[in-house]
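See below for the structure under consideration.
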Amino acid sequence: MRGRGFVTTLAGATAAVGYLRYVRPWQLTWGATPDEVSRPLPGDELVTRPTFDATRAITIHAPVGLNNVSPPCSSVSQAA
């Protein structure tokens, strides 16, 4: 039984390290390009030392000048 506890502990530690090393960084920048992650965004000047930092993005594939995408996006930004 003692060996089983060691294996369980080792598996849990490996899963935690794998999550922190590979999954968490991807999760915090989901969908964002490296340029979007590294550049300052609107509102960054309001919090000089944030305790949490994440940049997530989506891409909307739509023809240039298509007006039916902009109104929903602008209403979301006004609600925030």
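Just so you know, all these numbers are worked out from the coordinates, no wet-lab data involved. What you are looking at is a predicted structure, and each value in this text was computed from that prediction instead of being measured. Please note: Cβ atoms are built from the backbone with ideal geometry, for glycine as well, and neighbour counts cover all protein chains shown.
Points to keep in mind about this one:
- Fewest-first sequence of Val7, Val37 by Cβ atoms within 10 Å of each Cβ: Val7, Val37
- The range 1-60 - convex hull of alpha carbons, volume per residue in Å³: 107
- Near Ala32, the amide H atoms lying under 5 Å from its own belong to Ala57; only residues 5 or more places off or on other chains count, and H is placed 1.01 Å from N.
- A simple spin-label model places the labels of Thr51 and Ala11 3.5 nm from each other, with each point 7 Å out along Cα-to-Cβ.
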